[in-house]
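S.K.: Below you will find the structure I want to go over with you.
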Amino acid sequence: MKNVFYIILPLLLLGAGCLGSGSSTTSGSDGGIFKTVTAGEEWGQAVIVPTAEGIGTLSTSNVLNMEMDPQDNEFLYIGTRSNGMLYTDDAGQSWRQPRNSALNDGLVFDVEVDATDVCTVYVAKGSRLY
């Protein structure tokens, strides 16, 4: 009986540590884009989005894909699960919505920059290609 106690007690304690108390909370604002300028030693969120209503954030967005301009690494494009497509021309310091209002919300499946004409960006949203 004593041997069974020595086997069960560590398993119970291990399970209690893995399961936790259940009181941990998250703010739901840890998403978006993270950027490093120290070769991965330190990371920070780059989530500011100016909108017509004021300053917005990407911190609650699910980013599905990211595309970099092949000729200018300061230009990045992202597709999100519900916030449409956004782009940056300052390596992620701030993000902007495109002029085409159809791309400002909803699920964007993919974003691709044309390899021969970098001013052309293809966006797959729903059953359409923009």
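S.K.: Here's a check for you: in the range 104-119, which residue that is among the hydrophobic types (A, V, I, L, M, F, W, C) and more than 17 Å from the chain's Cα centre (by Cα) is surrounded by the most Cβ atoms within 10 Å (Cβ to Cβ)?
M.R.: Taking the candidates together, the pick is 113.
S.K.: Here's a check for you: in the range 44-56, which residue that is among the β-branched types (Val, Ile, Thr) and surrounded by fewer than 16 Cβ atoms within 10 Å (Cβ to Cβ) is nearest to residue 114 (Cα to Cα)? Give the derivation first.
M.R.: We begin by selecting, within the range 44-56, every residue among the β-branched types (Val, Ile, Thr); these are 47-49, 51, 55.
Subsequent filtering for residues that are surrounded by fewer than 16 Cβ atoms within 10 Å (Cβ to Cβ) retains 51, 55.
Details: 51: 27, 55: 30 Å.
By that ranking, first place goes to 51.
S.K.: Residues of the range 66-81 being out of contact with any Phe, Trp or Tyr (no Cβ under 8 Å at 6 or more places or on another chain) and not in a loop (DSSP other than H, G, I, E, B), which ones?
M.R.: The answer is 72, 73, 74, 80.
S.K.: Next up: Among the residues of the range 104-118, is any small (Gly, Ala, Ser), within 22 Å of residue 47 (Cβ to Cβ) and in a loop (DSSP other than H, G, I, E, B)?
M.R.: Among the residues of the range 104-118, not one is small (Gly, Ala, Ser), within 22 Å of residue 47 (Cβ to Cβ) and in a loop (DSSP other than H, G, I, E, B), which makes the answer no.
S.K.: Shifting gears a bit: Please go through the range 79-130 and give me each residue that is closer than 22 Å to residue 34 by Cα and of a type in the set (Phe, Trp, Tyr), ordered by number.
M.R.: 87, 95, 109
S.K.: Residues in the range 82-100: is at least one touching a helix residue (DSSP H, G or I) at 6+ places or on another chain (Cβ under 7 Å), within 20 Å of residue 55 (Cβ to Cβ) and assigned to a loop (DSSP other than H, G, I, E, B)?
M.R.: The answer is yes; a qualifying residue exists.
S.K.: Give the number of residues within the range 63-102 that are within 19 Å of residue 129 (Cβ to Cβ) and among the aliphatic types (A, V, I, L, M).
M.R.: Of the residues in the range 63-102, 6 are within 19 Å of residue 129 (Cβ to Cβ) and among the aliphatic types (A, V, I, L, M).
S.K.: Let me ask something additional. Regarding residue 89, is this residue of a type outside the set (Val, Ile, Thr) and at pLDDT below 90?
M.R.: no
S.K.: State all residues of the range 74-96 that are polar (S, T, N, Q), surrounded by fewer than 20 Cβ atoms within 10 Å (Cβ to Cβ) and under 18 Å from residue 107 (Cα atoms); if no residue qualifies, say none.
M.R.: 82 - this is the single residue of the range 74-96 that is polar (S, T, N, Q), surrounded by fewer than 20 Cβ atoms within 10 Å (Cβ to Cβ) and under 18 Å from residue 107 (Cα atoms).
S.K.: Further, regarding this structure: Of (1) open to solvent by 60 Å² or more (accessible area, probe 1.4 Å); (2) free of Cβ contacts under 8 Å to residues at least 40 places away in the same chain, residue 66 satisfies all except one. Which?
M.R.: With respect to (1) open to solvent by 60 Å² or more (accessible area, probe 1.4 Å); (2) free of Cβ contacts under 8 Å to residues at least 40 places away in the same chain, residue 66 is out only on (2).
S.K.: Among the residues of the range 79-89, is any more than 18 Å from the chain's Cα centre (by Cα) and among the hydroxyl-bearing types (Ser, Thr, Tyr)?
M.R.: Within the range 79-89, not a single residue is more than 18 Å from the chain's Cα centre (by Cα) and among the hydroxyl-bearing types (Ser, Thr, Tyr).
S.K.: Scan the range 120-127 and give yes if some residue there is open to solvent by less than 80 Å² (accessible area, probe 1.4 Å) and assigned to a loop (DSSP other than H, G, I, E, B), otherwise no.
M.R.: Within the range 120-127, one or more residues are open to solvent by less than 80 Å² (accessible area, probe 1.4 Å) and assigned to a loop (DSSP other than H, G, I, E, B).
The values are calculated or read from the model by the stated rules, or taken from the named source; none is laboratory data. Please read all numbers here as calculations on a predicted model, not as lab measurements. Cβ sites come from the backbone with ideal geometry, for glycine too, and all protein chains shown count toward neighbours. For accessibility, only protein heavy atoms count, side chains too; no ligands or nucleic acids. Shrake-Rupley method; radii C 1.70, N 1.55, O 1.52, S 1.80 Å.
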